[in-house]
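Remarks on the structure that follows.
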Amino acid sequence: MIVRRLIAAGGLCLAATFTAYALAAWSFDPLADLQSRQPRPSPEVIDAQARRLGLHLPVYERFWVWLSGLPRGDFGETVGGRPIADELWRRAATSLRLYTIGAIVAVAGGVALGVRVALSGSRRADQWSLLWTLTILAIPTFVIGTLLKILWLPVNTAAGFPILYFSGERTVGADLSAGAALVDRLRHLVLPTICIALPQLAFFARYQRAAALDVLDSGYMRTARAKGLPLRKAFRRHGLRSALVPVVSLFAFSFGIHLAGGVFTERVFGWHGLGDWVVTAIHDHDATVVATVTLFFAFLVVIAGLTSDVLISRLDPRVRGAR
C-alpha cells in the first residue's frame, strides 16, 4: 500500500514537472537576451549558446537529459551558466522557513477561530466571521502584503526605529550575536508570515466552523449533552477529533495554494526564495529553473499529503483499522 502510494506520488511529481518544463521550453526564448545585445554577437556565439542549452534537441530529450542528472544531485545550469543545485538549496531553506511557519499559523489559527465561532452559538459572531473571512479571501496576496506595510509604517515611525522590517530575511552586513541575529530574523519574518498565513487562516476558519457545526449536530454529541456534559467539555471529549478530520484532509489539497501565496509574498517582501527565483526564471526564459522549482513544490505537496494521511489515521480509529 505504502509502496504503491509512493510510486503514484512520484509519477504525479514527474508529470507535473514535465508539463511545466514543456510549456516553458515551448514558450521561452533563452537566446532573446543574447540576440538583443548591441553590438549583436556573431552567429557562432549564438549557435554555441544554443547548443550549450540543448536547444537543438527535442523538448523530451532535453527533459530526459535534465532528469538523468537528478540522481547525482545535478540539476543542470541556469541560462547564465551557474549551477542550479547550489542556488536551489539556499533558496529552499529560505522559503521553507516562511512556508512552514505560515502553514502552522494558518492551520492552528484557523482551527481555533473556527471552533470558537461554532461553539459560541452567536449569530452576530457568525456574521462577523463570515464578513472578515470573505473579505480576506477576496483580497489578493500581494495586496495584503502591501497593506501590511502601509498599516505598520506609522508604528515604526512612532517608535523611531523599525520594530518590524519590510524587506529581506535579515539585516545584511550587521554584526550580531547569535541571540541578536535570531531576533533580527524574527523581526523580518513577522509581516511575511502574516501575509502568507492570513488568506489560508480565513479559509481554514470558515471550513472548520462548518465541520464543527456538523459534529455538534451529531447523535453522539446530543447523547453526551443529555448526560449532563457542558457543550465545550462534550465537544473536547467527543467531537474535536471528528471535527478535525475533514480539515486535515483539506490541508493536503490547499497546500499548493499556500505555495502560490508564498511566491507573491516573497516578491512583496524581498525574500530571495524559490518563489522569487521562479519569477526571475520566467523573466530570464529559463525552463530548467522552472522545472526544478516545480519539482520541489510538487515534492512539498506530496509530503503535505502524506502528513495529512498520518494525522487522519491518528485522529480517526476507523482509518487505522482500514489500513
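The values are calculated or read from the model by the stated rules, or taken from the named source; none is laboratory data. None of these values were measured; they are calculated from a predicted model. Cβ sites come from the backbone with ideal geometry, for glycine too, and all protein chains shown count toward neighbours.
Just checking, which of ILE196, ILE144 is surrounded by 13 or more Cβ atoms within 10 Å (Cβ to Cβ) and touching a Cys at 6+ places or on another chain (Cβ under 6 Å)?
Only one candidate passes the filter, namely ILE144.
Between a first residue in region 21-40 that is more than 23 Å from PHE63 (Cβ to Cβ) and a second residue that is aliphatic (A, V, I, L, M), which pairs have beta carbons less than 9 Å apart while being 6 or more apart in sequence or on different chains?
Filtered contacts from region 21-40: GLN35/ILE46; ARG40/LEU34; ARG40/ILE46.
Picking from ARG51, ARG40, which residue would you name as being under 24 Å from PRO83 (Cβ atoms), out of contact with any His (no Cβ under 8 Å at 6 or more places or on another chain) and of a type in the set (Lys, Arg)?
Just one listed residue meets the conditions, ARG51.
Need pairs with beta-carbon distance below 9 Å; first residue more than 27 Å from LEU53 (Cα to Cα) and crowded, with 21+ Cβ neighbours inside 10 Å and within region 75-103, second charged (D, E, K, R) and modelled with pLDDT of 90 or more; sequence gap 6+ or separate chains.
Correct list of pairs: SER95/GLU266; SER95/ASP276; LEU98/GLU266.
Cβ-Cβ below 7 Å, separation at least six or inter-chain, first residue in region 296-323 and at pLDDT 80 or above, second outside any helix (DSSP H, G or I): which pairs?
Qualifying pairs under 7 Å: SER313/ARG323.
Taking region 104-120 only, how many residues are surrounded by fewer than 20 Cβ atoms within 10 Å (Cβ to Cβ) and within 22 Å of the chain's Cα centre (by Cα)?
Qualifying residue count for the region: 5.
For the structure I just gave you, tell me whether VAL172 is of a type in the set (Val, Ile, Thr) and touching a residue at least 24 places away in the same chain (Cβ under 8 Å).
Taking the combined requirement at face value, the residue does not satisfy it.
Looking only at region 121-138, count every residue that is surrounded by 14 or more Cβ atoms within 10 Å (Cβ to Cβ) and without any contact (Cβ under 8 Å) to a residue 12 or more places away in the chain and tell me the total.
Qualifying residue count, region 121-138: 1.
Any residue at all in region 42-58 that is of a type outside the set (Val, Ile, Thr), surrounded by 15 or more Cβ atoms within 10 Å (Cβ to Cβ), within 21 Å of THR280 (Cβ to Cβ) and at pLDDT 90 or above?
No - not one qualifying residue is present in region 42-58.
How many of the residues in region 151-164 are surrounded by 10 or more Cβ atoms within 10 Å (Cβ to Cβ) and either without any contact (Cβ under 8 Å) to a residue 12 or more places away in the chain or part of a helix (DSSP H, G or I) (or both)?
Number of matching residues: 7.
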